[in-house]
1. In the list A149, A165, which residue meets the criterion of being part of a helix (DSSP H, G or I) and either within 23 Å of N77 (Cα to Cα) or without any contact (Cβ under 8 Å) to a residue 12 or more places away in the chain (or both)?
2. What are the pairs, 6+ residues apart or on separate chains, where a residue within segment 39-60 that is in contact (Cβ under 8 Å) with a residue 24 or more places away in the chain has its Cβ under 9 Å from a residue that is among the basic types (K, R)?
3. For segment 98-107, which residues satisfy the criterion of being within 15 Å of Y167 (Cβ to Cβ) and not polar (S, T, N, Q)?
4. Which ones in segment 1-31 are among the aliphatic types (A, V, I, L, M), within 16 Å of the chain's Cα centre (by Cα) and closer than 16 Å to L162 by Cβ?
5. Would you tally the residues in segment 1-20 being over 22 Å from Q170 (Cβ atoms) and surrounded by 20 or more Cβ atoms within 10 Å (Cβ to Cβ)?
6. Identify all residues within segment 115-135 that are surrounded by 14 or more Cβ atoms within 10 Å (Cβ to Cβ) and among the hydroxyl-bearing types (S, T, Y); write none if there are none.
7. Could you tell me which residue of segment 54-68 is farthest from F41 (Cα to Cα), considering only residues that are surrounded by 15 or more Cβ atoms within 10 Å (Cβ to Cβ) and of a type outside the set (A, V, I, L, M, F, W, C)?
8. Scan segment 113-136 residue by residue and report those that are assigned to a helix (DSSP H, G or I) and either closer than 20 Å to F163 by Cβ or of a type in the set (A, V, I, L, M) (or both).
Amino acid sequence: MNSKIFTPRFIFITSAIVLAAISRLLPHIQNFTPVAAMALFGGVYFTDKRVAFIIPLITMFLSDVALELLFGWGFHNTMIYVYIAFILTTIIGMFVGRNIGLLSIAGGSIASSVLFFIITNFGVWAASGFQAGITGLNITYLLGIPFFAPTLIGDLFFNAILFGAFYLAQHKYPALIKA
């Protein structure tokens with residue numbers, strides 16, 4: 001193992017993302033999940049930007065596999081749209097990482113929630129054949145509105161947990177601070 005890669009910082013960030021992914025397996029309010037927070041957090045804090053995509057994506061996929069095996073609903077016909085939103089949220093995290101602060105993290109969290117809503121509801125419309133045309137797409141977005149509040153609140157909550165825990169841990173353990 002290369003000690004330059006597997007630093008205390010890398011292990012902490014990866015562990016936080018893995019724990020967040022595991023929390024997806026616990027009972028929760030629909031759409032109140034750490035999915036976007038995992039991507040945003042990884043995008044902000046992983047130094048190697050390839051790793052910023054790889055670790056959260058692998059963790060997300062493994063939690064989807066576990067959800068499929070345990071509950072039968074980890075895989076669905078709109079997964080590609082979820083993963084596209086996840087990847088774009090990692091990119092948002094890279095921009096947030098340029099100026100980390102409460103407002104930039106909150107803004108990144110809100111932007112990722114809106115992006116997730118737009119992309120995944122488009123995916124529901126595209127995959128379902130619900131109703132063709134712009135009218136069908138508009139209806140899909142309208143029907144998705146009740147699911148937006150738990151998504152937004154969940155994203156803000158899990159981002160507060162991940163970013164807050166890392167902030168506190170950096171003060172307690174200076175080895176976590178980027179050199």
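Computed from the coordinates by the stated procedures, all read-outs in this text should not be read as laboratory data. Note that the coordinates shown come from a computational prediction; the quantities given were computed from them, not determined experimentally. Note that we place each Cβ from the backbone using ideal geometry, even for glycine, and neighbour counts take in every protein chain shown.
1. From the options A149, A165, the qualifying one is A149.
2. G43/K49; Y45/R9; Y45/K178; T47/R9; T47/K178; M60/R24
3. Answer for segment 98-107, where residues must be within 15 Å of Y167 (Cβ to Cβ) and not polar (S, T, N, Q): I100, G101, L102, L103, I105, A106.
4. If the condition is that a residue be among the aliphatic types (A, V, I, L, M), within 16 Å of the chain's Cα centre (by Cα) and closer than 16 Å to L162 by Cβ, then I13, A16, I17, V18, L19, A20, A21, I22 are the ones that fit.
5. Kept after step one, since they are over 22 Å from Q170 (Cβ atoms), are these residues of segment 1-20: 1-2.
Of the ones still in play, those that are also surrounded by 20 or more Cβ atoms within 10 Å (Cβ to Cβ) are none.
Number satisfying all stated conditions: 0.
6. T120
7. Per the criteria, the residue is D64.
8. S113, V114, L115, F116, I118, I119, V124, A126, A127, I134
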